[in-house]
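Right, one structure below, let's go through it.
The values are calculated or read from the model by the stated rules, or taken from the named source; none is laboratory data. Fair warning: this is a prediction, and the values are worked out from it, not measured in the lab. Positions of Cβ are generated from backbone atoms using ideal geometry, with glycine treated the same way; all protein chains shown enter the neighbour counts.
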Amino acid sequence: MKGFPAYASTWDKTWHYLFRIICCVVFIFLMFPILVIIPLSFNAGNLFTFTPEMLSLDPEGYSLRHYRNLFESPDWQVAMYNSFRIAPVATLVSVSLGTLAAIGLSQGHMPFKHPIMAILISPMIVPLIISAAGMFFFYSRIGLQGTYFGVVLAHAVLGVPFVIITVTATLSGFDKSLTRASASLGAGPVRTFFKVQMPLILPGVISGALFAFITSFDEVVIVLFVGSAKLKTLPWEMFSGLREQLSPTILAVATVLVSLSVILLTLVELLRRRSQRLRGLSS
Amino acid sequence: MTTDQVSLRRRVKRSLRIQKLRAFLLVAPLLLFVLLSFVGPIIDMLFRSVENQLVGDTLPRTVAILRAEEIDDNWQPGDRLFAALYIDLSIAADVKNHTRVASRLNYEKAGIASLFRSTGRKIRNIGSKEYEKLFVDLDKSWSTLDYWEDLVADLERQAALPVTTTAFRQWQQDHIGRGNDVSKLDPNNAFHVILLAELLASPADVIAGLAPLHRENLSAIMAIRDQFPPIEYRESFLEFSNKWADRDVWTTIKRYSPRLTEGYFLNAVDLKKGNDGVEARPEQERLYIKIFLRTFAMSIIITLTCFILGYPVAYFLAGLPTRYANLFLILVLLPFWTSLLVRTAAWKVLLQEQGVINDTLVFIGLIDHANRLAMINNQTGTIIAMTHILLPFMILPLFSVMKTIPPSFVRAARSLGATPLTAFLRIYFPQSLPGMGAGMVLVFILAIGYYITPELVGGNNGTFISNRIAYHISSSLNWGLGAALATILLAVVVILYWTYDRMVGIDNVKLG
């Protein structure tokens, strides 16, 4: 760290440190709840706090029993199975339709661009309970309520705004002369798309897909209304666990999910850097 | 203009049109998908807030008479009205629709549900047993659905005995509406009462045009008409419950009979329809204005806390070189990527009475063991957890705006003699306003519609309007009221969304 200039007053110095302390406190506030559940999930007892054995780092205080519960309980098994059955399909729907639409939206000649954009982003803004209620009534009427297909459709809609936002952001830096160059060299529009455009916007598409995936994977309100007992997902199981009685198994699930978000965050970060590099923005 | 110019212009126009069409075709599948599976269902649900067909559809005859009458202080329900109610309720009780009307009307006047239910159970006692016996003694076919079906078809053709015909048809339609197999049902006992009453009230030649079989059967009934015990509708109903003499019951039915109602919206803002127009609900029934205000107040507190915590962090990040900024940004992005339920669960664990924070406070002696802080299942819990969840949505837009503020501006101000505070307040802060606006509106929009976190850590007094909506849709089944509350909430969100769009532009939203 560079030293203070000669003219800095005591107040300047105090403020410099005070400000860093404030920021540090906020960072702790952001990270502490997430980090604290990780050691707690290895708790040997049924408590939600650090036992004296854990604090003294006694191996007796730690165990994997909550993880064993998680992987042995049929409820959690079914929930995991359902989550991994719903999220990827929903993601696939929102990514394929969303990427096409984002390409259309970023063309200069798109009519009604703004209102259409507003509609496509709205699933992110409308309170989930309203979307859930609307879908519940409508899907019951057409017989999709309580079906796998209904939940996938609902989740696909929720993922759309994220795909649109990330893909249009990547396309905004896309150099149009590249497609023209490709066309002048004799490639048709389809070949141009797959050989020139797609590789360049791929990072945006994938990070949109990751957003859509986590949205579906972490979604509970819609599943509660549109789903059924057979379609219980991980968040549903966590929600009912948190509402009824807190079992330490939830901490184990939470730790698994935190690891998943660390992986996803790393992927998105790598993709963002790659995309900047590809577009010559460097980092 | 030469023909070449004209044709060139036309060709340019044509190619533009093709480009427009191509762009639109790319967007069309997704737009259609979102409209059909998202926008449509929501609009459809909003209509439930004014829809009110149940009362009019289930009690059509009663409602028709009530509409024609002026209910003043001297008004008494007459025999004709009770006769109509007898037909309506007999059909409704047979189809089991009366409990639905009962619950609907009970939202408006407590006690109607039990009145309808008990009357629905006893309504078969009015005349039907004796009537059916006399009918069937004459001819066995009176107890079969096929015969009635045949008779009604004939009556319909001749336009004779409309009351019996419509009653039978409504009974059939309502059963089909509830998904029952009509061919397996027995005819309702009330049909005999209805048929005889109508025969007695009609001119003698009304059966003359019917098919011979029906003519004979109906004449045979008329021949023994003196054997049927006369039915006193009014007395029978009052015997079931003297509440049927209560004028309020009838005004409630009349008031909620139109196909569209503003009743749910009035209820959503703690009003109701009274005898002289709209009036306030009694003190103990007022609930929703309080919850709306609480939702707003808590969302404002959460937004401000997010701002107070987020501004310094964004300022700090913006001042760092990109490499370090990206590193620290992970501390903001990881919570953003972590499951909402994980974060809520973490706070539940931390803030419990036997949780980590209370334990630590007791350990360092700030509080004693008996006075552990209640930080969960109340407003404090909701505010802490939601601030944590929404904080990244404040930091990210602030950071992206602050990154673009050149540090030389503040340095220039300092070199011209401004104190650090003046330089910040007059130079830096005004330039960070767009990010601040974007962050605050976004956090506020997300906060007022929140459901999960208030549900799990809000307890009794920390819940939001969303929790009420969920309660009405999944537990109390008062869908109209749930839809009315949802409509009001959605209207607020749409206005905020519009503001956000004007301020930031939705095509400028960034994620991480």
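Which members of region B:479-489 meet the condition of being crowded, with 19+ Cβ neighbours inside 10 Å and either more than 10 Å from chain A (Cβ to nearest Cβ) or over 16 Å from B:Glu51 (Cα atoms) (or both)? Listed by number, the residues that qualify are B:Gly480, B:Leu481, B:Ala484, B:Leu489.
Okay, residues lined up against (1) of a type in the set (Ser, Thr, Tyr); (2) away from chain B (no Cβ under 12 Å); (3) part of a helix (DSSP H, G or I):
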residue: A:Asn46; (1), (2), (3): no, no, no
residue: A:Arg68; (1), (2), (3): no, yes, yes
residue: A:Met80; (1), (2), (3): no, yes, yes
residue: A:Val89; (1), (2), (3): no, yes, yes
residue: A:Ser96; (1), (2), (3): yes, no, yes
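When each of B:Ala102, B:Ala93, B:Ala28 is tested for being more than 22 Å from B:Gln170 (Cβ to Cβ) and either at pLDDT 90 or above or not hydroxyl-bearing (Ser, Thr, Tyr) (or both), the lone residue that passes is B:Ala28.
Selection within region B:400-417: residues that are of a type outside the set (Val, Ile, Thr) and surrounded by 17 or more Cβ atoms within 10 Å (Cβ to Cβ). The member of this set that is nearest to B:Leu496 (Cα to Cα) is B:Ser400. All conditions but one from (1) facing chain A (nearest Cβ under 7 Å); (2) of a type in the set (Phe, Trp, Tyr); (3) without any contact (Cβ under 8 Å) to a residue 40 or more places away in the chain apply to B:Trp347; the one that does not is (3).
Among the residues of region A:113-124, those that are within 17 Å of the chain's Cα centre (by Cα) and within 7 Å of chain B (Cβ to nearest Cβ) comprise A:Ile121, A:Pro123.
Looking across B:Pro397, B:Pro420, B:Pro392, B:Pro454, one residue alone is free of Cβ contacts under 8 Å to residues at least 12 places away in the same chain, surrounded by 14 or more Cβ atoms within 10 Å (Cβ to Cβ) and within 14 Å of another protein chain (Cβ to nearest Cβ). It is B:Pro420.
Among the conditions (1) touching a helix residue (DSSP H, G or I) at 6+ places or on another chain (Cβ under 9 Å); (2) of a type in the set (A, V, I, L, M, F, W, C); (3) not assigned by TED's automatic domain parsing to the domain that holds A:Leu200, A:Cys24 misses just one, which is (1).
Residue count for region B:164-182 satisfying the condition of being closer than 30 Å to A:Arg141 by Cβ and either touching a His at 6+ places or on another chain (Cβ under 6 Å) or part of a helix (DSSP H, G or I) (or both): 13.
Does A:Phe42 meet the test of being crowded, with 17+ Cβ neighbours inside 10 Å, more than 10 Å from every other protein chain (Cβ to nearest Cβ) and under 27 Å from A:Leu246 (Cβ atoms)? Taking the combined requirement at face value, the residue satisfies it. Being assigned by TED's automatic domain parsing to the domain that holds A:Ile121 and more than 21 Å from the chain's Cα centre (by Cα) is a property that A:Gly188 has. Per this entry, A:Val26 is counted among residues that are in a helix (DSSP H, G or I), facing chain B (nearest Cβ under 7 Å), farther than 28 Å from B:Asp507 by Cβ and not polar (S, T, N, Q). Taken together, A:Phe149, A:Phe162, A:Phe138 contain a single residue that is more than 7 Å from every other protein chain (Cβ to nearest Cβ) and either surrounded by fewer than 24 Cβ atoms within 10 Å (Cβ to Cβ) or closer than 27 Å to A:Gly204 by Cα (or both), which is A:Phe149. Within region B:345-369, the set of residues being within 44 Å of the chain's Cα centre (by Cα) and assigned to a helix (DSSP H, G or I) comprises B:Ala345, B:Ala346, B:Trp347, B:Lys348, B:Val349, B:Leu350, B:Leu351, B:Val356, B:Ile357, B:Asn358, B:Asp359. Going through region B:41-54 one residue at a time, which ones are within 14 Å of chain A (Cβ to nearest Cβ) and of a type in the set (A, V, I, L, M)? Passing the criteria: B:Ile42, B:Ile43, B:Met45, B:Leu46.
Quick grid of which residues meet (1) within 14 Å of chain A (Cβ to nearest Cβ); (2) over 30 Å from B:Gly179 (Cβ atoms); (3) among the charged types (D, E, K, R); (4) surrounded by fewer than 21 Cβ atoms within 10 Å (Cβ to Cβ):
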{"site": "B:Phe33", "(1), (2), (3), (4)": "yes, yes, no, yes"}
{"site": "B:Val39", "(1), (2), (3), (4)": "yes, no, no, yes"}
{"site": "B:Gly56", "(1), (2), (3), (4)": "no, no, no, yes"}
{"site": "B:Thr62", "(1), (2), (3), (4)": "no, no, no, no"}
{"site": "B:Phe82", "(1), (2), (3), (4)": "no, yes, no, no"}
{"site": "B:Tyr86", "(1), (2), (3), (4)": "no, no, no, no"}
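Can you work out which of the residues in region B:222-244 that are at pLDDT 85 or above and either under 35 Å from the mean Cα position of the chain (by Cα) or among the basic types (Lys, Arg) (or both) is surrounded by the most Cβ atoms within 10 Å (Cβ to Cβ)? Ranking the qualifying residues of region B:222-244, first place goes to B:Phe237.
In region A:212-283, counting only helices (runs of 4 or more DSSP H) that sit wholly within it, the ones holding 3 or more residues that are more than 11 Å from chain B (Cβ to nearest Cβ) span A:249-278. Taken over region B:261-294, the residue count meeting the criterion of being polar (S, T, N, Q) and over 18 Å from the mean Cα position of the chain (by Cα) is 2.
Look through B:Asp79, B:Asp137, B:Asp88, B:Asp146 and report the one residue that is under 22 Å from B:Lys254 (Cβ atoms) and without any contact (Cβ under 8 Å) to a residue 40 or more places away in the chain. Of B:Asp79, B:Asp137, B:Asp88, B:Asp146, the one residue that is under 22 Å from B:Lys254 (Cβ atoms) and without any contact (Cβ under 8 Å) to a residue 40 or more places away in the chain is B:Asp88.
Of A:Val95, A:Val78, A:Val89, which residue is at pLDDT 80 or above, assigned by TED's automatic domain parsing to the domain that holds A:Val258, touching a Lys or Arg at 6+ places or on another chain (Cβ under 7 Å) and among the hydrophobic types (A, V, I, L, M, F, W, C)?
A:Val78
Residues in region A:183-209 that are at pLDDT 90 or above and either buried (at least 23 other Cβ atoms within 10 Å of the Cβ) or among the hydroxyl-bearing types (Ser, Thr, Tyr) (or both): A:Ser184, A:Gly208, A:Ala209. Checked against (1) surrounded by 18 or more Cβ atoms within 10 Å (Cβ to Cβ); (2) free of Cβ contacts under 8 Å to residues at least 24 places away in the same chain; (3) away from every other protein chain (no Cβ under 11 Å); (4) of a type outside the set (A, V, I, L, M, F, W, C), A:Pro127 passes all but condition (3).
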